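As structure tokens, the structure follows; a few thoughts come after it.
The values are calculated or read from the model by the stated rules, or taken from the named source; none is laboratory data. Not measured: the values here are computed from a predicted model. Glycine gets a Cβ as well: all are built from the backbone with ideal geometry, and neighbour counts include every protein chain shown.
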Amino acid sequence: MRKLAILVFQSLDGVMQAPSIPEEDTSGGFTKGGWARSHWDEVMEQVALEAMSEPYDLLLGRKTYELFSEHNSSVDSPLNDMTKYVITNSLSELDWQNSIVISGNVAREISKLKAQDGPLLQVHGSWQLIQELLKNDLVDELRLWTFPVIIGSGKRLFTEGVANKKLSLLKSESSPNGAIMSIYRMLE
């Protein structure tokens, strides 16, 4: 059985929308994109060591897939060789190598995927998908990087409808620039 982990960059007040690129996600009139850039290099070193060093397959929503594909498919990237499962009801074919469409009942399809043998499934970004996974109790681990920035408004990691859940802290560490890594296991 495969485990599923979500990897999220969030502000101190829980906003995860568009941390890297200003135009990454402007939905809802969001104009504060790129808010994590001043901390990016040191945090990405830590992310590479703590969350990307073991084998994993990606599980992405359509918008995140399109963003990642645009930036990685034409360059030498480790993401190119891994399997990418893409939740979409609007795309039937995917151009980025090793990408597989998943559509229909998301909770049921992800449950089937988790029941298979294979490496960890890791979700990057994909706010809408994360909400669905949390509501359906499909997340095994949270890999959070909390940046010392307050955004005020935007898409937050935890929204209404997410059930009470106990967590166990597996690891916590700060980066030299004040971002905090917290890795939690979801308890039964």
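Things to note:
- Every condition in (1) of a type in the set (Phe, Trp, Tyr); (2) in a loop (DSSP other than H, G, I, E, B); (3) surrounded by 15 or more Cβ atoms within 10 Å (Cβ to Cβ) holds for Tyr184 except the one numbered (2).
- The combined condition, being touching a strand residue (DSSP E or B) at 6+ places or on another chain (Cβ under 9 Å) and more than 19 Å from Ser126 (Cα to Cα), is fulfilled by Gln97.
- Of the residues screened, Gly178 is not one that is loosely packed, with under 13 Cβ neighbours inside 10 Å and either outside any loop (DSSP other than H, G, I, E, B) or not aromatic (Phe, Trp, Tyr) (or both).
- Close pairs from the range 166-187: first without any contact (Cβ under 8 Å) to a residue 60 or more places away in the chain and within 19 Å of Val43 (Cβ to Cβ), partner in a strand (DSSP E or B) and of a type in the set (Lys, Arg), Cβ under 7 Å, at least 6 apart: Leu170/Arg185
- Strands (runs of 3 or more DSSP E) wholly inside the range 47-110 that include at least 2 residues being out of contact with any helix residue (DSSP H, G or I) (no Cβ under 9 Å at 6 or more places or on another chain) and not charged (D, E, K, R): 99-102
- Subset of the range 1-12 [modelled with pLDDT of 95 or more and either over 16 Å from Ile130 (Cβ atoms) or not charged (D, E, K, R) (or both)]: Arg2, Leu4, Ala5, Ile6, Leu7, Val8, Phe9, Gln10, Ser11, Leu12
- Flag for Glu93 being touching a Leu at 6+ places or on another chain (Cβ under 9 Å), acidic (Asp, Glu) and at pLDDT below 95: no
- Condition check for Ser38: assigned to a helix (DSSP H, G or I), more than 26 Å from Tyr85 (Cα to Cα) and of a type in the set (S, T, N, Q): yes
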